[in-house]
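All remarks here apply to the structure that follows.
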Amino acid sequence: YGDRIRISVKPRNFIFIDLKYGEYQKRFIDAWKEGKLKTGEITINENKIIIPFKKEVNLQNPNDWIAIDINESNVTGVSSNPHVLKIEHELRTIHTTYFSIRRSIQKLAKHKPKTAQRLLKKYSSREKAKAKDLCHKISREIVEFTKQHGFGILMENLKGIRERINYGRKMNRRLHSWNFRRLQSYIEYKAKLEGLPVEHVDPKGASSLCPICGGRLASNGHRLLKCPKCGYGSDRDIVACLNMLRMRGAPFPLKALNEPLTIEVKGKG
Ligand SMILES: [Zn+2]
């Protein structure tokens, strides 16, 4: 009832209480007025009224999707809602650190081969454990965010991952593809536990074509891309995510056209 709440005391006997609320609460009340939320059981004490709001989410057929792009230094998610989630991670730092440790151990190998072998083994399992732990943390954060919003998850298939790791030494490539696959499978596993749908799309052209008009994108500085045809520009990871949403036929955040999407969460893995 507008900004008041009606409480039945006896049949056909009501009291009205004026509600005072801030901007944050207003968002829920507005959504409820539009029928997007339902209320749970209301609790009243001397100075507070607690109104829980419930949102019904259809997990099998979500309205909104979040596309997830995994790359060397961050994991980016863009949802059709629209939100942008960016998680900066230090997977690369872990590997470069252990790479130099390995190199100094190899120098030792000439004089003390047995000790060197033992150390190599020790550090490589430590490296793997650290990377694994970080992958767990990152995937947990992503699935938590996705669950909160009731999104379905879109990720690129393995073919695309292979296509995009085309840099550096063999060693780097192997480690990175190991991390990509691990992160993907952790996200997928945790999402399924929560009952969230996961789909894969073929990311062909995902980071080279304009998500708005389909034109070929040109480089516009470090990790930035711009479309010469329609003028749309964004960072490489966001472009990849938008293209995945488009390929899935998921609702497209049209906001992307007019204003840059703001980044929602930023955390160090
Ligand atoms: Zn364009």
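The values are calculated or read from the model by the stated rules, or taken from the named source; none is laboratory data. This one's a predicted model, so the numbers in the text were calculated from it and none came from an experiment. Counting neighbours? That spans all protein chains shown, and the Cβs are built from the backbone with ideal geometry, glycine included.
Summary table
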quantity: Complete set of residues in region 209-229 that are surrounded by 15 or more Cβ atoms within 10 Å (Cβ to Cβ) and hydroxyl-bearing (Ser, Thr, Tyr); calculated: none
quantity: Some residue of region 28-45 being surrounded by fewer than 10 Cβ atoms within 10 Å (Cβ to Cβ) and part of a strand (DSSP E or B); calculated: no
quantity: Condition check for Phe180: within 14 Å of the ligand (Cβ to nearest atom), among the aromatic types (Phe, Trp, Tyr), at pLDDT below 90 and under 25 Å from Phe145 (Cβ atoms); calculated: no
quantity: Sole exception among (1) modelled with pLDDT of 85 or more; (2) assigned to a loop (DSSP other than H, G, I, E, B) for His200, by number; calculated: (2)
quantity: Odd one out for Ile70 among (1) without any contact (Cβ under 8 Å) to a residue 12 or more places away in the chain; (2) in the same structural domain as Ile153 (by TED's automatic domain parsing); calculated: (1)
quantity: Filter pass, Lys229 being modelled with pLDDT of 90 or more, among the basic types (Lys, Arg) and within 16 Å of the ligand (Cβ to nearest atom); calculated: yes
quantity: Region 120-156, residues that are in a helix (DSSP H, G or I), out of contact with any helix residue (DSSP H, G or I) (no Cβ under 8 Å at 6 or more places or on another chain) and of a type in the set (Phe, Trp, Tyr); calculated: Phe145
quantity: Flag for Leu183 being farther than 16 Å from Ser79 by Cβ and part of a strand (DSSP E or B); calculated: no
quantity: The listed residue being modelled with pLDDT of 90 or more and either within 16 Å of the ligand (Cβ to nearest atom) or in contact with a Pro (Cβ under 9 Å, 6 or more places away or on another chain) (or both), out of Ser234, Ser219; calculated: Ser219
quantity: Filter pass, Arg248 being touching a Leu at 6+ places or on another chain (Cβ under 8 Å), in contact (Cβ under 8 Å) with a residue 60 or more places away in the chain and either within 11 Å of the ligand (Cβ to nearest atom) or charged (D, E, K, R) (or both); calculated: yes
